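Undergrad: I have a structure I would like to understand better, so I am pasting it below and will then ask my questions one at a time.
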Amino acid sequence: MSILNILSRTKLYWGLIAIFLIGVLGSPISSKGNNIFLSYGNLLDVLRQVSTTGLIATGMTAVIITGGIDLSVGSLMAICTVVCAMLLTVPGVTPAVVLGVPTVAVVALCLGILVTRFIFLNIEKSRAGPQATHAIRLDSVRGLVTPGIVGVILCSLVLWFLLPQVGSKFGVLGVLLVAPCVGLLFGALNGFIIVAGRLQPFIVTLAMMVTALGIARLTAGQNNAVLPVYTGSNATADFEVLRSLVFGVIPMPGLFFLAAILIYGAVLRFTPFGRYVYAIGGNEEAARLSGIAAGRVKIATYAVSGLLAGVAAVLYVAQYRQGKPDAGAGLELDAIAAVVIGGTSLMGGRGSLIGTFCGVLIFGLLSNILQLHNINSNLQLVLKGMIIIGTVLVQERNAGDLLYYLRLPFGKTAHKETTAAKRPSKETRSLNLGGNKK
């Protein structure tokens, strides 16, 4: 294995280490002689600032692995910030209540039905054993009646918890329930239109981005460009917990981000759902022919993406003390950039949440370094764009081609290795020849 191959396999971690060392060595020094970049407060600020983008990038990772894209997450977050802020500060029946409470009821009903059917199906599969040659079917009691009853009960419990809060103002648990459910519903709608209409994810999510922005503005009202949230004044003082330090060590938004990375990462790594996500991204048609319900899996990934955008919205309101219709403007691009920097291929089928975590940190540390040196904000955008382009060239193994065409050192060697990696194997060529003969 050549040095270039070794560097290629570990390039993500070397990139993170390099950015960190640049920050340490080039950091300004405080009046007391301390390294500002390495200060505990600065590193906590980095984690706090990247948490919102990180939550959205976590959901985006699975979407991109399936070969899709979600341009609507920024606008979905904006809707959820408006809903969250209005529920916290305005009592009575408001547009946020009209949008949010029925949404939670629908999500609870569907969740009860789907989870119950999933449990019964897995029980039947375990009874049938691996030798079963027929599709598992549930009778009407376990396939329809019991799931329906469970869904209605769950829906009733949720309404019992939320409806008393309508007359006054919602609490922390209330907004943590409503806002993510709003995001989940819109995300699931994205996935449903993509699957049922057989449309390109780019077009569907672009249309949803514009639609969601309009809904956010209608929900906020014509005269409410910003909905201020002051804990202990016009909102419950308990909401302050979402911007506090847990045990005085880690900011609450960072804890949400780390939990999302660990949980969703475990799902993608160790469950059949995760294997289906990678299979669909690698070859969707082959995944369908092997019996994978590709449509359901894709809808689920978009639903989770919307759900995490809703969670990010609540943390945004807690951190910036406001909700506004344009809160997530451009955030989808930052999330996509972090995912790509983390090694997830835009072609689908390859990527990991560990890589996304590193990509989010690289993006956050880079922004922090530029801000510490008071770099012009417009120049920051230029530098970030150049870094994204360079990273994609490396991740997609096209950097060798670029060096070769520019006649730069190591270009010929890197070009040969890239070409060899892209060349089909003997087995693949023989299969293709066999298919052509048929």
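The values are calculated or read from the model by the stated rules, or taken from the named source; none is laboratory data. These figures come from a predicted structure and were not determined experimentally. So basically every Cβ, Gly included, is an ideal-geometry build from the backbone, and we count neighbours across all protein chains shown. The protein model used for the area step is the full one, side chains on, heavy atoms only, and it has no ligands, DNA or RNA in it. Shrake-Rupley method; radii C 1.70, N 1.55, O 1.52, S 1.80 Å.
Undergrad: Per residue of segment 36-50, what does 6.51 cos²θ - 1.76 cosθ + 1.60 with θ = phi - 60° give for ³J(HN,Hα)? Whole Hz please, x for Gly and Pro, Karplus curve as stated.
TA: 5, 4, 7, 5, 4, x, 5, 5, 5, 4, 4, 5, 5, 6, 7
Undergrad: Give me the Kirkwood hydrodynamic radius of segment 165-242 in Å, from all C-alpha pairs, to one decimal place? Numbers along the way, then the final one.
TA: Numbers: mean 1/r = 0.0667 Å⁻¹.
The Cα-based Kirkwood calculation yields 15.0 Å.
Undergrad: Further question on the same structure: Name the shape class, rounded, prolate or oblate, that the alpha-carbon gyration tensor gives for segment 320-389, where a ≥ b ≥ c are the square roots of its eigenvalues, rounded holds for a/c under 1.5, and otherwise prolate holds if a/b is larger than b/c and oblate otherwise. Please list the in-between numbers first.
TA: Values: a/c = 1.92, a/b = 1.30, b/c = 1.48.
In terms of gyration-tensor shape, oblate.
Undergrad: Would you compute, for the Cα atoms of segment 22-94, the largest minus smallest coordinate along each principal axis and list the three values in descending order, in whole Å?
TA: Rounded to whole Å, the extents work out to 55, 42, 14 Å.
Undergrad: Quote the accessible area belonging to residue 121 in square angstrom, nearest 10, computed with a 1.4 Å probe and with ligands, DNA and RNA left uncounted.
TA: Only protein atoms counted, so the area is about 50 Å².
Undergrad: Note down the net charge around residue 83, summing +1 for each Lys or Arg and -1 for each Asp or Glu among other residues with Cβ under 14 Å from its Cβ.
TA: Details: positive: 169, 217, 324; negative: none.
Local charge sum for residue 83: +3.
Undergrad: Then there's this: Eigenvalues of the Cα gyration tensor times 5, then square-rooted: what semi-axes does that give for segment 263-389, in whole angstrom, largest first?
TA: On the way: eigenvalues 200, 70, 31 Å².
Listed largest to smallest, the semi-axes of segment 263-389 are 32, 19, 12 Å.
Undergrad: Taking R0 as 51 Å, what's the FRET efficiency between residue 168 and residue 39 from their Cβ-Cβ distance, rounded to 0.05? Could the numbers behind the result be given before it?
TA: On the way: r = 42 Å, r/R0 = 0.82.
So, using R0 = 51 Å, E works out to roughly 0.75.
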